[in-house]
Amino acid sequence: MNRPRVVITGLGAVSPLGVSIKKFWDGLLAGRSGIRRITQFDATDFPCQIAGEIPDFNPEDYMDKKLVRRLARCAQVALTAAREAVLDAGLPETMPEPERAGISFGTGIGGLEVMDDAMKIFRTKGMDRVNPFALPATIPNLAAFVISQTYQCLGPSSTITTACATGTQAIGEAAELIRRGSADLVITGGTEAIIRDFSIGGFSIMRALPVNYNDQPEKASRPFDAKREGFVFSEGAAVLILEKLEHALQRGTHIYAEVAGQAASSDGFHVAAPEPQGAGPTRAMRWALQDAAMDPSEVDYINAHGTSTPLNDPLETRVIKTVLGEHAYEIPISSTKSMIGHPMGAAGALEAIACAKTIESGWIHPTINLENPDPECDLDYVPNQARQAKVDVALSNSFGLGGQNACLVLKRYES
């Protein structure tokens, strides 16, 4: 029995490049960095004083003031991205068939800043001063809830929390909901918005962040470059509307690309360090291609996990060679994180949007700051300048803390 085909019909983005798909995509093609000095708290005494903050984001521009007070920032940006995606897909504000509309959304960390503030108030001023919405605002599924409530998606709803692999895995699970007949339409994606002292401090203690680029923030995220020091923590949200093909055709809506394959795997090795041979990422990539019934030689482009960390970039390079063989040297690869940093739960979803836009537009965004190539990273990473190319099949990688790996295969839609 043939399984249903799944297509992407709507996109929404809130990123360090701005609040809209247009700002996100135009910024990527221009090679524009969204990394800047931290403004959300005083980072003067921190070894890393930079992050990928969303510029000029005022939640009250996008939702009711009363709702803003009840939502953590990660849910605010998720709902903002969802509004753009739903509009882009030509859908009404209430789903036409609520019980056939689902949610598959994710966050790596969630609304811990609300919990942090509430605990400080509780311990210094007493229980009566705590916001009664503080505890609900911290739950990881808050973004999924508010999107479901806003658009009346009454079908299956799930929240994925697999660190850096979250956004990619959430999209894969959304496709599975449609494939198994549980939904005709799924709002999916990921979010993260927690640039706070404890998050920057925690990653600094792990020595995961760059420390020598505080005066040149735009130069700090440099995947595959020999002078990379670590990933740049950032924030953002991305939403994709996935539909059963027949459902999309019946509506006559625009189709960006088709979700051809997906897979996830675990390293079972270490909470922070990747397994040295890259066996977990290799499994995820191979399984995703098998799920898409594709040969590795059919891949035209890879959106790399590309974190700019000393361990990830050469490991991912080796994994790509393992999976694709000699074909690895023939295709372009680029890192979205070179411009937006690493927004954890939102990363994979933003990168999936980049893949869909690449297929649609015929343009591959660059990997910026690739000025001193690492000899161990010897593939074509589209350095510094966007490139025009026909891409029929794109593969998107996400590898995360806790040994979580996920991979998507997107392809050009053909009837």
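Values in this text are rule-based calculations from the coordinates and carry no lab data. This one's a predicted model, so the numbers in the text were calculated from it and none came from an experiment. No Cβ is skipped: glycine too gets one built from the backbone with ideal geometry, and neighbour counts run over all protein chains shown.
In the chain, one over the average inverse separation of all distinct C-alpha pairs is 20.9 Å, which is the Kirkwood hydrodynamic radius.
The calculated FRET efficiency for the pair S415 and D56, based on their C-beta separation and a Förster distance of 45 Å, comes to about 0.65. For the pair R387 and R32, a Förster radius of 22 Å applied to the C-beta separation gives a FRET efficiency near 0.85, rounded to the nearest 0.05.
Once the piece of chain linking A273 and D117 is laid out straight, how much longer is it, given 0.36 nm per residue of separation minus the C-alpha distance between them?
Numbers: separation 156, 0.36 × 156 = 56.16 nm, distance 3.08 nm.
Stretched fully, the A273-D117 segment lengthens by 53.1 nm.
For K244, the lysines whose Cα falls under 19 Å of its own Cα, not counting residues fewer than eight places away in the same chain, are K411.
Here the contact order of region 357-415, divided by its residue count and restricted to Cα pairs under 8 Å and six or more residues apart, works out to 33 percent.
What residue among T138, T367, T94 shows peak mean-square fluctuation when the chain is described by a Gaussian network model with Cα springs under 10 Å? Top of the fluctuation ranking is T94.
For region 261-411, the convex hull drawn through the C-alpha positions has a volume of 94 cubic angstrom per residue. Convex hull of alpha carbon positions in region 6-251: directionally averaged projected area 14.4 nm².
With charges set only on the Cβ (+1 for Lys and Arg, -1 for Asp and Glu), what does the dipole of the chain come to about its Cα centre, in debye to the nearest 20? Before the final figure, lay out the partial values.
On the way: 38 positive and 49 negative charges, 151 e Å.
The dipole magnitude comes to about 720 debye.
Rounded to whole numbers, the Karplus 3J(HN,Hα) couplings from phi for region 398-415 are 9, 10, x, 3, x, x, 8, 10, 8, 8, 10, 10, 10, 9, 5, 6, 9, 6 Hz, using 6.51 cos²θ - 1.76 cosθ + 1.60 with θ = phi - 60°, and x at Gly and Pro. What FRET efficiency do you get for L135 and R207 if R0 is 35 Å and r is their Cβ-Cβ distance, rounded to the nearest 0.05? With R0 = 35 Å, the Cβ-Cβ based efficiency is 0.60.
Only helical runs count toward this figure. For the chain, summing -39,500 (n - 2.57) over DSSP H runs of n ≥ 4 and dividing by all residues gives -10000 deg cm²/dmol at 222 nm.
Region 108-168 and region 261-288 have Cα centres spaced 28 Å apart.
Each peptide among 112-121, 312-321 gets the average number of other Cβ atoms lying within 10 Å of its residues, and from highest to lowest they stand as 312-321, 112-121.
3J(HN,Hα) couplings calculated from phi for region 77-89 with the Karplus curve 6.51 cos²θ - 1.76 cosθ + 1.60 (θ = phi - 60°) are, in sequence order, 6, 5, 5, 4, 5, 5, 4, 5, 5, 5, 5, 4, 7 Hz; Gly and Pro show x.
Sequence-distant contacts, meaning Cα pairs under 8 Å at least 6 residues apart, place the relative contact order of the chain at 24 percent.
How big is the Cα convex hull of region 62-197 in projection, averaged over all directions, in nm²?
Working: hull surface 35.1 nm².
Taking the Cα atoms of region 62-197, their convex hull projects to 8.8 nm² on average.
Scanning residues 5 or more positions from Q262 or on other chains, those with amide H under 5 Å from its amide H are D291, A292, V409, with H placed 1.01 Å from N in the peptide plane.
As a length-normalised measure over Cα pairs under 8 Å and 6 or more apart, the relative contact order of region 261-411 settles at 35 percent. Computed 3J(HN,Hα) for region 286-302, one whole-Hz value per residue from the Karplus formula 6.51 cos²θ - 1.76 cosθ + 1.60 where θ = phi - 60°, is 5, 5, 5, 5, 5, 4, 7, 6, 10, 8, x, 5, 7, 6, 9, 7, 10, glycine and proline marked x. Taking every DSSP bridge with both residues inside region 6-251, close to 60 percent are antiparallel. The packing ranking, built from the mean of other Cβ atoms within 10 Å per residue, places the peptides 188-201, 151-164, 283-296 in the order 188-201, 151-164, 283-296, highest first.
Here the gap between E246 and W363, fully extended at 0.36 nm per residue and compared with their Cα-Cα distance, gives a gain of 39.3 nm.
For the peptides 272-279, 37-44, 349-356, 389-396, residues were scored by their other Cβ atoms within 10 Å and the scores averaged per peptide; the highest-first order is 349-356, 389-396, 272-279, 37-44.
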